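Novice: Below is a structure I'd like to ask you about.
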Amino acid sequence: MNVTEICNLALSYIGKGRINSLDDASEEAKKCRVHYDHDRRRLLMMFPWGFAKRTEKLALLEASVPGWRYVYAFPAGCLWVRYVFDAPHAREKAADRQEFEAVLFGAAMRAVATDVPLAYAQFVADVRDTDFFSALFVEALSHLLAASIAMGVTGSASLAEQQLRLCSAAVEQARCLAALEEESDMRYPRKYQDARFS
């Protein structure tokens, strides 16, 4: 499903006709053009969608941030960092979360400050290619887009609210499916385990 098809899905939810492209001169196309990319990024930041998760080794910077031992370059194409960890503890990254801080150097350079040496990051990437989108992401995005354009195209606040609720329901469904796919064994934090059993 391409961008135009996602926009047409959103328009169908609010009872409006189809567009041929985002470059159309119609009011519907203009609204989709304004809101699509922003809503795509908003949705990616609501939940760690499986298709958007990436894991990369972080590049150490010759910089310092008070309170942290190491500063790493922010991963390219990263919207938000979920976990920072070292290779030996990659499987425990969720149960034993390591602290980190996203920081900004100057006007444009983002970085990750942490006490983790030789760090990796799991993050949500800014995925633009619709071929990678999951079915639930497409559903949530089309409802979110419908909510964003509903007032401008139909003048109906209740329709916008309804579409926002449907987007939230799709995100919640994705969250439940992701929880089922993840291992549910009890894992004790490493520091607790070391103190308790050593």
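Novice: Checking residue 55 against (1) more than 15 Å from residue 145 (Cβ to Cβ); (2) touching a helix residue (DSSP H, G or I) at 6+ places or on another chain (Cβ under 7 Å); (3) not hydrophobic (A, V, I, L, M, F, W, C), which single condition isn't satisfied?
Specialist: If we test residue 55 against (1) more than 15 Å from residue 145 (Cβ to Cβ); (2) touching a helix residue (DSSP H, G or I) at 6+ places or on another chain (Cβ under 7 Å); (3) not hydrophobic (A, V, I, L, M, F, W, C), just (2) comes out false.
Novice: Applying the selection to the stretch 105-128, what residues are free of Cβ contacts under 8 Å to residues at least 60 places away in the same chain and either within 13 Å of residue 63 (Cβ to Cβ) or β-branched (Val, Ile, Thr) (or both)?
Specialist: 105, 106, 109, 110, 111, 112, 113, 114, 116
Novice: Kindly establish whether residue 102 is within 17 Å of the chain's Cα centre (by Cα) and either farther than 21 Å from residue 28 by Cα or outside the structural domain of residue 27 (by TED's automatic domain parsing) (or both). I'd like the intermediate steps shown before the answer.
Specialist: Details: within 17 Å of the chain's Cα centre (by Cα): yes; either farther than 21 Å from residue 28 by Cα or outside the structural domain of residue 27 (by TED's automatic domain parsing) (or both): yes.
So residue 102 fits the description; yes.
Novice: Does the stretch 23-50 hold any residues that are free of Cβ contacts under 8 Å to residues at least 60 places away in the same chain, surrounded by 17 or more Cβ atoms within 10 Å (Cβ to Cβ) and touching a helix residue (DSSP H, G or I) at 6+ places or on another chain (Cβ under 8 Å), and which are they?
Specialist: Answer for the stretch 23-50, where residues must be free of Cβ contacts under 8 Å to residues at least 60 places away in the same chain, surrounded by 17 or more Cβ atoms within 10 Å (Cβ to Cβ) and touching a helix residue (DSSP H, G or I) at 6+ places or on another chain (Cβ under 8 Å): just 29.
Novice: Cβ contacts < 7 Å: first residue assigned to a helix (DSSP H, G or I), restricted to the stretch 142-158; second residue among the hydroxyl-bearing types (Ser, Thr, Tyr), any location; separation 6+ or different chain. Result?
Specialist: Once the first residue is assigned to a helix (DSSP H, G or I) and sits in the stretch 142-158, its partners that are among the hydroxyl-bearing types (Ser, Thr, Tyr) give 142/13; 143/13; 145/36; 146/13; 150/156.
Novice: While we're on this one: Look at the stretch 114-141 and say how many of its residues are touching a Leu at 6+ places or on another chain (Cβ under 8 Å), under 30 Å from residue 70 (Cβ atoms) and not in a loop (DSSP other than H, G, I, E, B).
Specialist: 6
Novice: So which residues in the stretch 62-73 are modelled with pLDDT of 95 or more, of a type in the set (A, V, I, L, M, F, W, C) and part of a loop (DSSP other than H, G, I, E, B), if there are any at all?
Specialist: If the condition is that a residue be modelled with pLDDT of 95 or more, of a type in the set (A, V, I, L, M, F, W, C) and part of a loop (DSSP other than H, G, I, E, B), then 68 is the only one that fits.
Novice: Go through the stretch 58-95 and give me each residue that's farther than 29 Å from residue 39 by Cβ and out of contact with any strand residue (DSSP E or B) (no Cβ under 8 Å at 6 or more places or on another chain).
Specialist: 62, 66, 88, 89, 91, 95
Novice: Report yes if residue 2 is at pLDDT 95 or above and loosely packed, with under 13 Cβ neighbours inside 10 Å, otherwise no.
Specialist: Details: at pLDDT 95 or above: yes; loosely packed, with under 13 Cβ neighbours inside 10 Å: yes.
Yes.
Novice: Sticking with this one: What's the number of the only condition in (1) part of a strand (DSSP E or B); (2) over 23 Å from the mean Cα position of the chain (by Cα) that residue 111 fails to meet?
Specialist: (2)
The values are calculated or read from the model by the stated rules, or taken from the named source; none is laboratory data. Just so it is clear, the model here is predicted, and its values are computed rather than measured. Methodologically, a virtual Cβ is constructed for each residue, glycine included, from the backbone with ideal geometry; neighbour enumeration extends over all protein chains shown.
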